[in-house]
Amino acid sequence: MKYNSERDHSLISLVNEFERMSQEDEVSFFKEKDFLKLIHYYEKELLFDKAIEVVDHAIGQHGFSADLHIRKAELFLAIRNSEKALKLLDMAEVYAPSEPEIQLLRAKILCGTGEFGEALQLIEKTKMNATEEELSDIYLSEAQVYESLKDYNRMFDCLKKSLAFDAQNEEALEKVWVCTELTKKYRESIQFHQKLIDQNPYSFLAWYNLGHAYSCRGMYDAAIDAYEYSYLINEEFELGYRECADLCFQTCRYEKAKEIYFEALEIFGPDADLLSNLGECYLKLDNCNRAKSFFEQASKLDPYNDEVYYYLGICQSREDRWLSAVNSYFKAIELEDRREEYFSALADAFNHLKEYTKAHYYYQKATELGPELSEMWSAHATFLIHIGEFDQAREVIGEGEFHAGGAELLYCKAALDFVSKGRKVGLDSLRLALIEDIHLADRFFHILPNLKEEKQVNQLIEFYQGEIFGVA
């Protein structure tokens with residue numbers, strides 16, 4: 001960390017010195033490597049005009065440098081001036097006729113103008129006298145051409161060849177992850193990255209890619225371990241922390257997810273997403289006070305994050321603070337009015353406040369936004385059953401079966417039949433729901449909790465549990 005601090009201080013001093021000289025229109029002599037540092041700084045800040053000003057001063061002092069002409073060509077390529085970039089490459093070739101980077105930039109320009117065949121031919125010629133390190137970059141360039149052609153299988157093969165020549169080529173490692181996702185070659189990616197790690201056990205990107213491939217194959221324990229190695233090797237690799245914690249959360253390992261989010265927060269500082277993630281962990285761990293604290297902090301850092309207000313509403317609902325919950329859900333909806341779960345939660349809050357007209361309206365909004373989701377129809381139907389609007393409930397169930405279907409609605413129908421048509425019809429309907437999905441049997445008691453001790457209902461459920469699970 002001390003080294004980074006000293007290096008940053010040195011760069012800032014260099015930038016300040018150049019800025020002062022530039023304003024006075026008297027730029028004195030700089031070493032070529034210092035000019036290259038300045039160019040990189042301005043390019044990173046997306047100040048391309050300033051970067052071009054620096055490279056012009058540099059060429060004025062180091063006119064025979066191929067590297068400076070190449071850097072200037074790259075800058076013009078970045079601002080989409082291909083014609084100027086090509087002229088600069090011609091000049092660079094005069095000073096370094098065998099430099100592969102010049103031909104690779106030409107190929108990139110050809111690729112940008114849709115001349116893919118010519119780009120590939122040029123890349124093929126460049127391979128002839130290249131060193132192993134150069135071949136890594138050459139195959140990376142070839143992969144980028146195939147990426148433009150949307151030929152992701154060949155792209156994947158080229159990236160593998162690039163990394164075979166240089167296992168630490170970070171740009172190739174970054175692209176392999178994207179390419180694996182596009183080709184779905186997760187098994188091949190696992191085998192490939194295991195070999196890379198055997199060669200270089202401290203490649204944090206290789207471990208990260210391995211974790212991604214494991215995760216996509218459903219091998220979650222291995223994925224979590226691999227992600228963990230990625231950020232243990234490079235403690236500033238933020239993506240490693242986030243992916244590892246997110247996967248822990250998705251696989252219900254909330255305590256471990258919480259620990260990793262805290263680590264990331266300590267290293268990278270306050271961040272609305274990390275704070276919100278911590279809030280979700282505490283919500284899953286039934287610690288509403290802590291969850292609410294993190295959601296409130298997140299909302300201060302990012303007042304336009306709709307999910308934060310939604311989760312704040314969930315916390316307030318669990319505390320029976322229904323008016324506060326309504327306000328939070330409305331804030332979420334003001335920011336994002338296409339999330340059906342926000343409207344359903346708002347409807348539930350109005351239901352608890354006994355404002356049934358508003359509840360009915362917002363349950364309708366939820367089903368309009370998510371007509372394919374049986375849980376939205378089920379929540380609406382359950383509400384209508386509870387307030388005794390049996391005809392409307394039957395209409396909602398019918399619409400839900402048409403748009404979404406699912407066992408949840410069969411349990412709603414069974415509950416409705418019990419209260420509106422009697423025990424016999426209700427038991428017949430419950431039987432159909434149990435046959436469809438025995439695992440949702442508790443849904444029936446959620447709608448009609450007073451039937452938990454009903455003998456015939458329990459006997460029927462136990463019978464079908466025995467049928468499914470082999471209970472004697």
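Of note:
- As a length-normalised measure over Cα pairs under 8 Å and 6 or more apart, the relative contact order of the stretch 355-456 settles at 20 percent.
- Relative to the dominant Cα principal axis of the chain, helix 82-95 is inclined by about 40°.
- Alpha-carbon centroid distance for the pair the stretch 359-419 / the stretch 245-299, whole angstrom: 34 Å
- Straight-line reach from LYS331: taking Cα to Cα under 15 Å and skipping same-chain neighbours fewer than 8 places apart, the aspartates and glutamates in range are GLU296, ASP302, ASP306, GLU307, GLU340, GLU341.
- In summary, the lysines within cross-link reach of LYS455, defined as a Cα separation below 29 angstrom excluding same-chain residues under 8 places away, comprise LYS413, LYS421, LYS424.
- Over the stretch 259-363, volume per residue of the alpha carbon convex hull, in Å³: 86 Å³
- Taking Cα Rg over 2.2 N^0.38 Å as calculated from this structure, the corresponding entry among (1) 1.36; (2) 0.99; (3) 1.16 is (1).
- The stretch 287-370 - charge dipole about Cα centre, Lys and Arg +1 at Cβ, Asp and Glu -1, debye rounded to 20: 260 debye
- For the chain, size of Cβ-based charge dipole, Lys and Arg +1, Asp and Glu -1, in debye: 1220 debye
- Placing +1 on the Cβ of every Lys and Arg and -1 on the Cβ of every Asp and Glu, with no other charges, gives the stretch 105-221 a dipole of roughly 380 debye about its Cα centre.
- Rounded to the nearest angstrom and listed largest first, the equivalent-ellipsoid semi-axes of the stretch 21-155 from its Cα gyration tensor are 30, 16, 13.
- Straight Cα distances below 24 angstrom link LYS33 to the lysines LYS2, LYS44, LYS50, LYS72, LYS84, LYS87, with same-chain residues fewer than 8 positions distant left out.
- Taking the C-alpha atoms of the stretch 184-269, convex hull volume expressed per residue in Å³: 74 Å³
- Measuring nothing but how far apart in sequence close Cα pairs (under 8 Å, 6+ apart) lie, relative to its length, the stretch 87-190 scores a relative contact order of 19 percent.
- The ranking of PHE444, PHE76, PHE402 from fewest to most other beta carbons within 10 Å of each one's beta carbon is PHE402, PHE76, PHE444.
- With the convex hull of the Cα atoms taken as the outline of the stretch 371-472, the averaged projected area works out to 6.0 nm².
- Rounded tilt (10° steps) of 116-126 against the dominant C-alpha axis of the chain: 50 degrees
- Degrees between helix 374-386 axis and first principal axis of the chain (Cα, 0 to 90, nearest 10): 30 degrees
- Projecting the Cα atoms of LEU135, SER328, GLN194 onto the charge dipole of the chain, computed from C-beta unit charges around the Cα centre, puts SER328 farthest toward the positive end.
- Dipole of the chain, positive direction: furthest Cα of ALA298, GLY406, CYS252, with charges on the beta-carbon: GLY406
FYI, it's all coordinate maths here, none of it is from the lab. Remember, predicted model here, so these are calculated numbers, not experimental data. Don't worry about glycine lacking a Cβ; one is built from the backbone with ideal geometry, like all the others, and counts go over all protein chains shown.
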